[in-house]
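A quick write-up on the structure given underneath.
The values are calculated or read from the model by the stated rules, or taken from the named source; none is laboratory data. Not measured: the values here are computed from a predicted model. Reconstructed Cβ throughout: ideal geometry from the backbone, glycine too, with neighbour counts over all protein chains shown.
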């Protein structure tokens with residue numbers, strides 16, 4: 001049975017893409033064929049071949065097979081603003097049904113598909129639709145990336161509550177050290193362990209130059225292999 005996971009985060013810049021790449025690498029090292037998808041991306045660069053997002057390009061390159069960019073990132077927008085605003089400026093509607101169809105095509109070609117969200121959990125995709133509606137439509141368990149910085153406990157616990165309230169399954173979480181100056185890191189981690197009812201998949205060290213293999217090693221393969229199948 002094909003399986004997929006949705007990667008969300010406590011906020012923008014918490015390390016969703018790095019964790020997505022690390023999870024892809026870890027799964028590939030375990031013998032799975034893996035593809036990634038970033039359905040919606042703003043802040044794209046205009047190139048001769050069209051709009052391109054660097055995070056989506058990295059996900060494309062990490063995949064077990066080479067696929068056209070548009071299958072990885074079907075909704076690409078140039079302005080680095082909230083996706084619903086960027087889509088409105090472009091006169092484009094972000095269509096959840098078409099994203100779902102694209103996900104299913106990827107799932108037919110790999111053992112695992114990791115879908116990276118945009119921003120945090122409560123991000124509008126349009127005037128009427130939120131990111132969580134996409135996750136519900138895809139029927140995927142969620143992996144939460146927590147950016148370890150001041151305020152992360154509040155952000156993480158609120159996001160966990162929102163995920164559960166949406167009827168989604170929180171399959172696991174990853175702590176990412178985004179602030180090297182953060183104090184009481186272990187205390188914060190223990191507080192989150194005590195209150196998040198899902199396994200901690202790993203603690204990613206702060207890295208000036210991100211190294212996907214080093215990041216992947218920080219992820220614990222045991223709970224990763226026990227994640228529930230979805231999709």
Cβ pairs under 6 Å, 6+ apart or interchain, first in region 87-105 and closer than 14 Å to residue 77 by Cα, second assigned to a helix (DSSP H, G or I), ordered by first then second residue, are 94/87
From 216, 198, 184, 175, residue being out of contact with any helix residue (DSSP H, G or I) (no Cβ under 7 Å at 6 or more places or on another chain) and crowded, with 19+ Cβ neighbours inside 10 Å: 198
Candidates 160, 168 - the one that is within 30 Å of residue 102 (Cβ to Cβ), modelled with pLDDT of 95 or more, under 15 Å from the mean Cα position of the chain (by Cα) and surrounded by fewer than 22 Cβ atoms within 10 Å (Cβ to Cβ): 168
Helices (runs of 4 or more DSSP H) completely within region 3-77 that count 2 or more residues being surrounded by fewer than 24 Cβ atoms within 10 Å (Cβ to Cβ), without any contact (Cβ under 8 Å) to a residue 40 or more places away in the chain and out of contact with any helix residue (DSSP H, G or I) (no Cβ under 8 Å at 6 or more places or on another chain): 54-62
Filtering region 85-104 down to residues that are part of a helix (DSSP H, G or I) and in contact with a helix residue (DSSP H, G or I) (Cβ under 7 Å, 6 or more places away or on another chain), which residue is farthest from residue 58 (Cα to Cα)? 96
Take the conditions within 30 Å of residue 190 (Cβ to Cβ), under 13 Å from the mean Cα position of the chain (by Cα), in a helix (DSSP H, G or I) and modelled with pLDDT of 95 or more and apply them to residue 135. Does it pass? yes
